[in-house]
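Notes to accompany the following structure.
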Amino acid sequence: LAQLVREHGFNESLFYECVDELKASGRLPGALQGKSSYTPAVHAHAQVASVRTFFEQNGAIEYSALGSMHIKDPRAYLEANYPGGVALTSVYMKREMLQTAEAELEEACANKWALDMRGCIECELTDDDLTTLLSVPSSVQAALVAGRVVDLGGGLLSSCALVEGCTELLEPLVSSKAAEQLQQSAGGGGGK
């Protein structure tokens with residue numbers, strides 16, 4: 001608004017008085033923020049529609065995308081407008097996206113496999129997002145708490161059965177290598 005006043009040489013007090021009157025009468029719909037900026041209502045409606053469409057189509061939206069649209073608190077905005085979603089560190093996603101990961105985790109547990117959570121979620125997740133995701137109440141968290149799954153870090157989960165199977169296979173080898181090292185140390189061999 002200040003730029004309009006400068007560029008067109010308007011009387012500043014008269015200009016802002018007219019703007020206030022137009023705003024009060026409803027002929028200038030939108031948001032007026034002090035004397036610095038005005039956002040037309042049509043722009044705000046377009047932003048809301050854009051966010052809604054993107055979120056519905058993709059199932060997730062990054063907070064930074066909303067920040068670039070000048071939405072002040074993206075996380076609070078999304079939680080208020082799309083309740084039931086999962087608020088992560090950098091992304092807000094539909095809970096349905098977590099269901100894919102839950103199903104794949106059940107399959108991994110049943111088949112003694114490991115699972116990369118990044119591959120289960122259809123959006124880019126940071127390490128902080130993955131850490132937060134593992135603490136969200138879900139069957140993934142329940143499996144971790146129940147000890148059916150081990151968190152290997154970085155979004156990698158392993159069924160406990162896989163870890164136990166690997167331990168059983170490696171234990172004799174590790175024990176023999178340790179005994180061999182002890183014998184070499186005791187015998188003064190000092191070798192590797």
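None of the figures in this text is laboratory data; all of them are computed from the coordinates on show. Fair warning: this is a prediction, and the values are worked out from it, not measured in the lab. Cβ atoms come from the backbone with ideal geometry, glycine included; neighbour counts cover every protein chain shown.
List of remarks:
- P(r) of the stretch 65-139 over all Cα-Cα pairs, binned every 10 Å from zero, in whole percent: 18, 47, 25, 8, 2
- Paramagnetic reach from LEU4 in the stretch 42-81 [backbone N under 18 Å; point 7 Å along Cα→Cβ]: 42-45
- Taking a ≥ b ≥ c as the square roots of the eigenvalues of the alpha carbon gyration tensor, the stretch 96-192 is prolate, as a/c is not under 1.5 and a/b beats b/c.
- Spin-label model distance (nm) - SER185 vs LEU173, 7 Å beyond Cα toward Cβ: 2.2 nm
- Rough spin-label spacing in nm, given labels placed 7 Å along Cα→Cβ, for ALA103 and GLU122: 1.1 nm
- Of the trypsin sites (Lys or Arg not before Pro) found in the stretch 46-131, those in coil by DSSP whose Cβ has at most 15 other Cβ atoms within 10 Å are LYS72, LYS112.
- Size of charge dipole - the chain - debye, nearest 20, with Cβ of Lys, Arg +1 and Asp, Glu -1, no other charges: 360 debye
- The stretch 87-108 residues near the modelled ASP73 label - backbone nitrogen below 16 Å, point 7 Å along Cα→Cβ: 87-88
- Amide hydrogen neighbours beyond the local backbone of LEU156, cut-off 5 Å, H modeled: MET117
- Calculated [θ] (222 nm, deg cm²/dmol) that DSSP helices of n ≥ 4 give over the chain, each run adding -39,500 (n - 2.57): -19000 deg cm²/dmol
- Gyration tensor verdict on the chain (Cα atoms; rounded if a/c is under 1.5, prolate if a/b is larger than b/c, oblate otherwise): prolate
- Over the stretch 2-83, the reciprocal of the mean inverse Cα-Cα separation, the Kirkwood hydrodynamic radius, stands at 14.8 Å.
- Note on SER37 and LEU156: the model spin-label points, each 7 Å out from Cα along the C-beta direction, lie 4.4 nm apart.
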